[in-house]
Structure formats: structure tokens, C-alpha cells
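Beneath this line is the structure, given in C-alpha cells, with notes to follow.
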Amino acid sequence: MKAYRSLAHNFKYTLTHFDHEGMRRDNNLLECFNGCIKPRLRLMKNFKKKENLDRYLKLFFLEFRFQALKESRFRERNGNCPLQLADVYLPKYYNFLTLLRTQFNLTYQLKKS
């Protein structure tokens, strides 16, 4: 019953790809994002301060924009991050940590307490 009510309420949104010519008819990017954020949302239940929640979410959103897609059924999407798919210019080394790791062979380790 819950699924039926949800579909009846949101049915107009399921066919939006017909209204926009360039829109793909799949939701792989959204499903990928949902799969990445769900475990992190479960972790956030234990956060005590709202400021820490905000910082954690902002960091996750920032990191996700640069994460390359690996399992898309559209081959042109594989190996590209969401920003690249949106035609945003990214220089070769947009991530300072990647530059250090690849060019100078630097690594880091967390201290054991």
C-alpha cells in the first residue's frame, strides 16, 4: 500500500524525461549517489553536534563530485566524475592530495593512539 501511495503521489515525476529532450531515461547517477550516502547517513545517527553533521555532509558532497563512476551501463560515463559529465573543466591535478601522491610518491598514515 505504501509503494502504491508513493507512486500515485509522484507519478508525474517518473516521466520527466519526456519533457526534456536531452535527459536520459535512467536514474543510475541518482542510484549511485543513494548507494554511497545511505551508509554515511546511518553513521550520522551517532553524531551529537549539528555543526559536525554539517561539516561531514559538506565534505561528503565535495568528495562525491570528484569520484569517478565505475559501473555505469553507459560506457561514456565510466571513468568520469559527475563534474566531468556536467562539462565542468577540471585541470589535470584538481585534487592537491592526488598531485602529492602521484608526483612525489607521498603517502600518509594515521597515528595509532
May I ask you to order 45-55, 75-85 by the average number of other C-beta atoms within 10 Å around their residues, highest value first?
75-85, 45-55
If you take the Cα Rg of the stretch 37-77 and divide it by 2.2 N^0.38 Å, with N the number of residues, what do you get?
1.51
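Read-outs throughout are calculated quantities, based only on the coordinates presented, and are distinct from any laboratory measurement. Since we're looking at a predicted model, the values are computed, not measured. When we count neighbours, we look across all protein chains shown, and the Cβ atoms used for this are built from the backbone with ideal geometry, even at glycine.
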